[in-house]
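Scroll down for the structure; my scribbles are underneath it.
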Amino acid sequence: MPHLLLVDDDPEQIEWLTELAKAEGFTVSQADSLRAARIHMSRLQPDILLTDLQLPDGKGVDLVADLEQRDSTEVVMITGHASVESAVEALRLGATDYMVKPVDVERLKAILRRVPRTGELRQEIGELRDELRKLGRFGHILGSSATMQKLYDALGRVAPTSATVLITGESGTGKELAAQTIHDLSRRKKSPFLPLNCGAVSPQLIESELFGHEKGSFTGADRQHKGYFERAHGGTLFLDEITEMPQELQVKLLRVLETGSFTRVGTTTPISTDVRVLAATNRSPEGAVADGKLREDLYHRLNVFPIAMPPLRDRGTDIELLAQHFLDVHNRQESASKAFAPATIAALYAHSWPGNVRELKNYVQRAFILADDVIDANLAPAAVAAPESAPLLSVRVGSTLDEVSRRLIEATLAECGSKRKAADMLGISLKTLYNRLAVYKSESEGEDEEQDEARGERERRAA
């Protein structure tokens, strides 16, 4: 039977939480102070520590340091003094979840029902790591370099917990694959994994996509729509390009993470949700905070367990391993037996791969199509990379990042003449490129309208 240690100085709170935990199949120990809790922990380490944040002799989060085996105990903070700062503090100091009083019973039950699986999952993940280490892969990720082994250890540690994760890394490094791996190795693996690219949804629609909307809540809302938080209930929501989310929506996301509830657009009725949030960005999150693209409180709330995806250029022999894997896939699909020439393999290592694994995958596909039996030196990466003679783009010091991004995208597209090739060169998805171009077109039309109005006003005054 899993064991729960309940720490709270409110007798009524202790009583009903104990009954709820026992009904969910837990044995329960009770403590009303840090001192009493430490005595219980010295006798038996709990599978879950459910503690009030404020106790008579200190803070409940101080108990995290007293756990002998930190990875095998879930820590859930409960407090009646709800604030973003207290939530961030608890999570940064080691809590894996956070609840405010009055406690949402259904959400707490969902947490308790996942706890008994923690030990089993850790054992499964350990066995999986040993088995797959030999094959050079882990979950959905391929690679056997020392850098990737460290990444696998981090993924294996965080997957069984409830912690939010912020995945950083350059475009094309496999952030979504890392998120999918975390989900598949978690207690939520039988529930949905839903990815949402915040940069690929217009600012006007993203709130509806996340939280859903009621029929008639805005023009075009001809039916009720369930958003990602509702559809991912019990599972995992992956928010890619989190820094592209509008600031006003970041506030609402923070509220969901803090309270475990949201409201659909067009209603004030709260809906409880049990969703684990994983987020990702290809920017420096600290830089995004400094530039006003990411709220600092949301950054700390998401950054409970940071994971950095290494660029392909730092992964050594993984370059050849991945290239051969992609080539094998095409050979199987097309019943072919094409191979890399030694000179081409050497060129793979010499190339810097600014687009990372995505660029390598696209290169192998193009080379496979163009080659006969051998992918030789004339199809080496340098032949498909951006030429050194490509025109330079100058930007004025003090230009906004949005302005620089727009000029770079438009210049690259003009140089390539192909949206797909431009997306590959820029290291972004084709869908993201199309969405950025749509935004630029909309902005240009708005500027034209303003200029027309100004011109009309000048003509009226002249008349």
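Here are the numbers for this structure:
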| item | result |
| --- | --- |
| Only listed residue being surrounded by fewer than 19 Cβ atoms within 10 Å (Cβ to Cβ) and of a type outside the set (A, V, I, L, M), chosen from 236, 259 | 259 |
| Output for the stretch 335-349, where each listed residue is of a type in the set (Ser, Thr, Tyr) and crowded, with 17+ Cβ neighbours inside 10 Å | 344 |
| Members of the stretch 284-304 that are over 19 Å from residue 198 (Cα atoms) and surrounded by fewer than 19 Cβ atoms within 10 Å (Cβ to Cβ) | 290 |
| Tally of residues being in contact with a Leu (Cβ under 8 Å, 6 or more places away or on another chain) and under 24 Å from residue 114 (Cβ atoms) across the stretch 1-24 | 12 |
| Flag if residue 271 is over 21 Å from residue 286 (Cβ atoms) and among the β-branched types (Val, Ile, Thr) | yes |
| Some residue of the stretch 267-275 being buried (at least 16 other Cβ atoms within 10 Å of the Cβ), touching a strand residue (DSSP E or B) at 6+ places or on another chain (Cβ under 9 Å), assigned by TED's automatic domain parsing to the domain that holds residue 289 and of a type in the set (D, E, K, R) | no |
| Residues satisfying the stated conditions in the stretch 399-425, i.e. under 17 Å from residue 244 (Cα atoms) and either under 23 Å from the mean Cα position of the chain (by Cα) or outside any helix (DSSP H, G or I) (or both) | 400, 401, 402, 405 |
| Per-region count, the stretch 164-195, residues closer than 26 Å to residue 289 by Cα and either in the same structural domain as residue 429 (by TED's automatic domain parsing) or buried (at least 22 other Cβ atoms within 10 Å of the Cβ) (or both) | 10 |
| Unmet criterion (only one of (1) touching a Gly at 6+ places or on another chain (Cβ under 7 Å); (2) part of a loop (DSSP other than H, G, I, E, B); (3) of a type in the set (D, E, K, R)) for residue 189 | (1) |
| Filtered residues of the stretch 147-193 (kept if among the β-branched types (Val, Ile, Thr) and over 21 Å from residue 95 (Cβ atoms)) | 147, 168, 173, 181 |
| Segments classed as helices (runs of 4 or more DSSP H), wholly inside the stretch 225-328, with at least 1 members that are among the β-branched types (Val, Ile, Thr) and more than 27 Å from residue 364 (Cβ to Cβ) | 247-259, 285-290 |
| The listed residue being surrounded by fewer than 21 Cβ atoms within 10 Å (Cβ to Cβ) and modelled with pLDDT of 90 or more, out of 68, 19 | 19 |
| Options 77, 1: the member that is at pLDDT below 90, buried (at least 18 other Cβ atoms within 10 Å of the Cβ) and of a type outside the set (Ser, Thr, Tyr) | 77 |
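The values are calculated or read from the model by the stated rules, or taken from the named source; none is laboratory data. The model shown is predicted, which means the values in this text are computed figures rather than measured ones. Here Cβ is always computed from backbone atoms with ideal geometry, including for glycine, and neighbour counts include all displayed protein chains.
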